[in-house]
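The values are calculated or read from the model by the stated rules, or taken from the named source; none is laboratory data. Everything numeric in this text was worked out from a predicted model, so none of it was measured. Cβ coordinates were reconstructed from backbone atoms using ideal geometry, including for glycine residues, and neighbour counts include every protein chain displayed. These accessible areas exclude ligands, DNA and RNA; they are computed on the full protein's heavy atoms, side chains included. Shrake-Rupley method; radii C 1.70, N 1.55, O 1.52, S 1.80 Å.
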Amino acid sequence: MKSKKNLVLLGMMGSGKSTIGQLLSKKLDLEFHDIDKHIEKKEGRKISEIFKIEGEIFFRKIEEKITIKVLKLNNKIISLGGGAFLNENIRKEVLSNNISFWLNWKSSTLIRRIKRNKKRPIAYNSNENEIKKLISERLKIYSMADFKINCEKFNKNEIVNKIINIYEKN
Ligand code: S3P
């Protein structure tokens, strides 16, 4: 089988990167790599604990290291952490030899999904207005992905099929 580029999912917390990634992995029969899970495995603790004990700067350093390592693989489905694409080194790597998809939703949908989520330190420690601001700041960066998928009006399978259609053509 021809070696294809990795299929990379990016976007805000709550955009369904892990769920859609798993479904894509089954349908395309490609291995799935959830970067948040890799970080937790490597560190032997939850992301919320890493943030609490070591702080965000430490987290971002290991996030960069692990994400870039996984991006060097081929023919995988990879879901990034919500903040990863903001890192210039990660972004360059994603844009160099992968096919990237931004899962885009209305802010109100994302806020409803992530607010007061204990597993997500950034969402847990921010109020609604702060999350809204974070989303609008990140939009510009997320829009640098190769493809934008507007997810709002579609169910999981429709989103997966849209992504597969594009991936197979590229
Ligand atoms: C973060 C998103 C999280 C995780 C960490 C920071 C962010 O990943 O990497 O809590 O800055 O948006 P998910 O998008 O998978 O929740």
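Assorted remarks:
- Within the range 26-59, the set of residues being buried (at least 16 other Cβ atoms within 10 Å of the Cβ) and free of Cβ contacts under 8 Å to residues at least 60 places away in the same chain comprises Leu30, Phe32, His33, Asp34, Ile35, Asp36, His38, Ile39, Glu40, Glu43, Ile50, Phe59.
- Within the range 69-93, residues that are among the hydroxyl-bearing types (Ser, Thr, Tyr) reach partners that are within 15 Å of the ligand (Cβ to nearest atom) and open to solvent by less than 30 Å² (accessible area, probe 1.4 Å) with beta carbons closer than 6 Å, at six or more positions or on different chains, in the pairs Ser79/Leu9; Ser79/Lys17; Ser79/Gly21; Ser79/Asp34.
- Screening Glu128 with (1) over 19 Å from Ile20 (Cβ atoms); (2) surrounded by 15 or more Cβ atoms within 10 Å (Cβ to Cβ) gives one miss only, at (2).
- Filtered residues of the range 9-25 (kept if part of a helix (DSSP H, G or I) and either more than 10 Å from the ligand (Cβ to nearest atom) or open to solvent by less than 10 Å² (accessible area, probe 1.4 Å) (or both)): Thr19, Ile20, Gly21, Gln22, Leu23, Leu24, Ser25
- Test: residue in the range 158-165 that is more than 14 Å from the ligand (Cβ to nearest atom), of a type outside the set (Val, Ile, Thr), surrounded by fewer than 16 Cβ atoms within 10 Å (Cβ to Cβ) and in contact (Cβ under 8 Å) with a residue 24 or more places away in the chain: no
- Selected residue [of a type in the set (Ser, Thr, Tyr) and more than 20 Å from Asp36 (Cβ to Cβ)] from Ser126, Ser100, Ser143: Ser143
- Between Glu88, Glu31, Glu49, the distinction of being of a type in the set (D, E, K, R), more than 23 Å from Lys140 (Cα to Cα), away from the ligand (no atom under 13 Å from the Cβ) and at pLDDT 95 or above belongs to Glu31 only.
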